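The structure under discussion appears below in the form of structure tokens.
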Amino acid sequence: MSKAAPINESELLVMAIVGEVTSPSMAANPYEVDADGRPVVPVGMGGVCYNVKVGMSALGWAGDQVEPGVSIANAAAPANEALNLFACVGNHATVRSGDAAGAEGVVVGKHEVFMGAKHVLVHLDDGALERVVPGDSVLVRANGRGMHVADRIEIACHSLSPELWRAWAPELRDDSVAVRVTRVLPAEVMGMGSGRVSAVTSVALQRGVDGLEGLRLGDLVAVSDWDATYYTGYRDGALTVGVVASGDSPVLGNGPGMTLLLSAPRGFLEPEVDPDANIAGLLELG
């Protein structure tokens, strides 16, 4: 495996942040309206999902942006903002209470519902999933916020841990950094999430745009002409890379949720298509 481009790992803080396993919640009226005008119940966000995991298809589930594995949040709003800001994909997580106490996991994404929930998503093995319940405490060893690539200050890093960086091994080239992705999508795929700050948010790869066929949870995906250095939106020549963290949605303008990892102006990031560029393999998630 090639060596990853150098980062400022020795400067990065390692911090303890805590969330609790969430419970799914619904409004009094449970219905959303899908792209064809039909009512649907948006099941899939929050709590523990036993049968949807990173590496599986992001499409075809009878739900709305299903969150694989365990969804955690902090009940205190400012603490939840910090949890969602500091946790990075690839960070280690440990269940600290309940029957699954001691079980080890990995942060695999973050998912923000507009004007709603903000969840950090954690992968646990099957044995731990059977024992964990809503309300259990999960400690995340947060590390990655503040990362930058040596000699490439134009590249913004978001929600990206040193653990994932080393496994992914982006290569430093003469004028750019080459990153492996499963596909490169056009800017028109970007749906809900455009216009928000990029440090925390997840964005939707909206259904109906060509190029989503075969998309899997955990896929590393590039979007051309779309900028997420500080805020998010169209920018000619920019490139943004993220990881598919949650499943598809029947709602117009919505779709699989992508957690932002890297973004840069024209010429600083070079995508290289690799069908195996999925964090399930890179992070050896069983």
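The values are calculated or read from the model by the stated rules, or taken from the named source; none is laboratory data. The shown structure was predicted, so the numbers you read here are calculated from the model rather than taken from an experiment. All Cβ positions, even for glycine, are placed from backbone atoms using ideal geometry, and neighbour counts span all protein chains on display. SASA here: full protein model, heavy atoms, side chains in, ligands and nucleic acids out. Shrake-Rupley method; radii C 1.70, N 1.55, O 1.52, S 1.80 Å.
For the reader, a short list of remarks on this structure follows.
- Gap separating the Cα centres of region 1-29 and region 127-148, nearest whole Å: 8
- Seen from all directions on average, region 8-59 presents a Cα convex hull projection of 7.2 nm².
- Choice from Ala169, Ala87, Ala228 showing the highest fluctuation, given a GNM over the chain with Cα pairs closer than 10 Å: Ala169
- Note on region 119-169: Cα-Cα pairs beyond 14 Å make up 66% of the total pair count.
- Note on Val273 and Ala62: the extension gain reaches 73.0 nm, defined as 0.36 nm multiplied by sequence separation minus the Cα-Cα distance.
- For region 1-116, the pair-distance distribution built from all alpha carbon pairs, in bins 5 Å wide starting at 0, is 2, 8, 16, 20, 18, 14, 11, 6, 3, 2, 0 percent.
- Convex hull (Cα only) mean projected area of region 149-286, reported in nm² to one decimal: 7.7
- Rounded percent of accessible protein surface that carbon and sulfur make up, the chain, 1.4 Å probe: 54
- Sites excluded, chymotrypsin sites (Phe, Trp or Tyr not before Pro) in DSSP loops with at most 15 other C-beta within 10 Å, longest stretch of the chain: 115-229
- Longest DSSP-loop-exposure-free segment, GluC sites (Glu not before Pro), the chain, at most 12 other Cβ within 10 Å: 1-212
- A 1.4 Å probe, protein heavy atoms only, puts the accessible area of Val184 near 70 Å².
- Candidates Met45, Met15, Met258, ranked by Gaussian network fluctuation over the chain, Cα under 10 Å, top entry: Met15
- Over region 201-286, relative contact order from alpha-carbon pairs under 8 Å, at least 6 apart, %: 33
- Kirkwood Rh in Å, taken over all unlike Cα pairs in region 47-90: 12.3
- Multiplying the residue separation of Ala75 and Asp174 by 0.36 nm and subtracting their alpha-carbon distance yields 31.0 nm.
- Global form of region 218-286, assessed from the alpha-carbon gyration tensor, a/c cut-off 1.5: oblate
- Distance cut-off 19 Å, percentage of C-alpha pairs in region 61-154 lying past it: 44
- With one equal scatterer per alpha carbon and no solvent term, the Debye-computed log10 I(q)/I(0) for the chain at 0.08, 0.09, 0.14, 0.15 1/Å reads -0.29, -0.38, -0.95, -1.10.
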